[in-house]
1. Quick check: anything in segment 476-493 in contact with a strand residue (DSSP E or B) (Cβ under 8 Å, 6 or more places away or on another chain), assigned by TED's automatic domain parsing to the domain that holds residue 556 and farther than 18 Å from residue 552 by Cβ?
2. Which is among the aliphatic types (A, V, I, L, M) and under 18 Å from the mean Cα position of the chain (by Cα), of 302, 255, 281?
3. Among the residues of segment 545-579, write down those that are modelled with pLDDT under 90 and surrounded by fewer than 20 Cβ atoms within 10 Å (Cβ to Cβ).
4. Hey, does segment 217-233 have a residue that's farther than 30 Å from residue 462 by Cβ, among the charged types (D, E, K, R) and assigned by TED's automatic domain parsing to the domain that holds residue 191?
5. Give the residues of segment 260-302 that are farther than 23 Å from residue 361 by Cα, assigned to a loop (DSSP other than H, G, I, E, B) and in contact (Cβ under 8 Å) with a residue 12 or more places away in the chain, sorted by residue number.
6. Considering only residues that are modelled with pLDDT of 85 or more and among the aliphatic types (A, V, I, L, M), look in segment 205-239 and name the one that is nearest to the chain's Cα centre (by Cα).
7. Hey, can you tell me all the residues within segment 487-540 that are of a type in the set (Asp, Glu), modelled with pLDDT under 90 and under 21 Å from the mean Cα position of the chain (by Cα)?
8. Tally the residues that are under 18 Å from the mean Cα position of the chain (by Cα) and of a type in the set (Val, Ile, Thr), restricting the search to segment 332-384.
Amino acid sequence: MARTRRKIGEILKRWGVINDQQIEEALATIKKTGQRTGEALIELGYAKETDIAKALASQFDMEYIDLDQPDAINKENISLLPADVVKKYLVLPLEQVNGRLKVLIHDPMDLETLDNLRFRMNCEIDTALGARTKIKEYIDHLLGDAKLDIDQTVRALTLDAHAHSIDIQTPVTETPNETKKDAYDAQQAPIIRLVHQIITSAINSRTSDIHIEPFFDRVRLRYRIDGVCHERNRIPKRTHPAVIARLKIMAGVKVEEKRIPQDGRIKVKIHNEIVDIRFAVCPSHHGEGCVMRILRRESAQVGLANLGLQDDTRQAFERIIRRPNGIFLVTGPTGSGKTTTLYTALDVLNQPNRKIITAEDPVEYNLAGINQCQINEHIGLSFARVLRAMLRQAPNIILVGEIRDKEVADVAIQAALTGHLVFSTLHTNDAPSAITRLIEMGVKPFLVASSIQAVMAQRLTRILCPHCKVPDPTPNPRLLRLCGFRERDLQGKTIYKPVGCDQCSSTGYFGRKGVYELMQMNTELRELSFKRAPINQIRAAAAASGMRNLLGDAKLKILDGLTTPEEVARITQVEGTFEFNDEETSHG
């Protein structure tokens, strides 16, 4: 009788990785999204990818290989498979014995890949299991795709007009139905290959934005990684017009137009995955500069557990977003993660019995089951007009990308007062400032007081790389004071510092999490709002009611070993938002 395979949840529970409650929550997520058990557990933050890979290896009685271990596999054996096969299928050849090829895979259920490998290599295939991300990183590192050698590419470019008139009229924006001609062009045309390398290197290095900036004698290429810009190889000045023209072709904008800004979108296929890129080009004194925002779907669906909310804040957040009406505002500067927070809230609320409509400028991520509307000011499709039209669609929940003026604010408030739950963003330094900002826009104080349910301010702080962080025996006392720490706060606590390794590209940081300040409206705060009280009174009342300010939340992340005083001080100095005194720091 065949032995029944144990379930992933049962294996992880037996290992002490998860508990029954977490299994139940994962099952509920699976019913809603159709994900696999492992994917759901990773998204919820209850298990790591390596835990899932080990459990799959146990479930299928396979060997598990940890690529983080030195000499886990023999690098010389990479030549046992063609490079294109290794990249396409994300497999690593381990050894070949007696005509049988052993490969490292990440999905034991992907029988199609194994069949293709048998057909391509004309031999029998044995398998071992590893984590998908680790395999991908290993391949990128080993085959050199993660490094951008622009100098080698531009050797093929001549100094004459050919560098500026190279055949870029045939787009090689790779699609799921990529043709052989596209692949041939990507290998042969120097400008096409250069652009492909720029984008591929950015994706491999977890870049959020690519900046191409022309100057008098050079063109600077910078990648924004975890919110910080890093300069990469310079692009030769003579290739700049051709690079911009190539990107315009890919983005579907006018190549010949160089006098006005233009926006577009690029879709490319990298490592067998479709990547969406938002493209913006703008004329400058020394030529056209461009910024490309890499839109990763997983960044918009990180899961509530992975936002970085403290337990008490997360519980309050969940209660607030489940209210039937009112306005919930998320505030902060550009790039502070406001959209991700709102998308996460919508993902929690996205059920068949609720109708959700959004008005966004632009629509960055497509969310299944949600009606999303793109703002277009050029044809009069403004936030206010879309919002009024939304109310005739009988929604339960409305998301307005941003409250920019009194007209939008008034319509949003009327929607909240007539039984709709409204989510939106506002550009203020902290949560209490949102109240005074709305009143300064011209919204009547009694409407602000009655419609706002809560305001959450946030920032993003870089998280220490778990592979290389070490305790800091002598943390900088000046930075500790700047972060609001007192001597008693540090008793029995460990402060960590970054080191740098291959996993984090020697930065010492890997990824970001939010720092939050959640202000829930109560009777006192509504009364102060109605009376147009100054911001310092509203802030003091919010703190007295239990609001943990931004600095207090950042301090907890330092004490938990997630970030550093240097990182918090960097945000403090750049943003100028973490004001504190003895009373405020006591909440941290």
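1. Within segment 476-493, the first condition is being in contact with a strand residue (DSSP E or B) (Cβ under 8 Å, 6 or more places away or on another chain), and the residues that meet it are none.
No, segment 476-493 has no match at all.
2. Details: 255 fails: under 18 Å from the mean Cα position of the chain (by Cα); 281 fails: under 18 Å from the mean Cα position of the chain (by Cα).
Of the residues listed, the single one that is among the aliphatic types (A, V, I, L, M) and under 18 Å from the mean Cα position of the chain (by Cα) is 302.
3. Across segment 545-579, the qualifying residues are 566, 569, 570, 573, 574, 575, 576, 579.
4. Of all residues in segment 217-233, those farther than 30 Å from residue 462 by Cβ come to 217.
With the extra rule that they be among the charged types (D, E, K, R), the set shrinks to 217.
Retained after the next criterion (residues that are assigned by TED's automatic domain parsing to the domain that holds residue 191): 217.
For segment 217-233, residues farther than 30 Å from residue 462 by Cβ, among the charged types (D, E, K, R) and assigned by TED's automatic domain parsing to the domain that holds residue 191: present.
5. Once the filter is applied, which keeps residues that are farther than 23 Å from residue 361 by Cα, assigned to a loop (DSSP other than H, G, I, E, B) and in contact (Cβ under 8 Å) with a residue 12 or more places away in the chain, segment 260-302 yields 271, 272, 286.
6. Looking at residues that are modelled with pLDDT of 85 or more and among the aliphatic types (A, V, I, L, M), I get 225.
7. Correct list: 502 only.
8. Qualifying residue count, segment 332-384: 7.
The values are calculated or read from the model by the stated rules, or taken from the named source; none is laboratory data. Not measured: the values here are computed from a predicted model. A quick note on method: Cβ atoms are made from the backbone with ideal geometry, for glycine too, and the neighbour counts reach across all protein chains shown.
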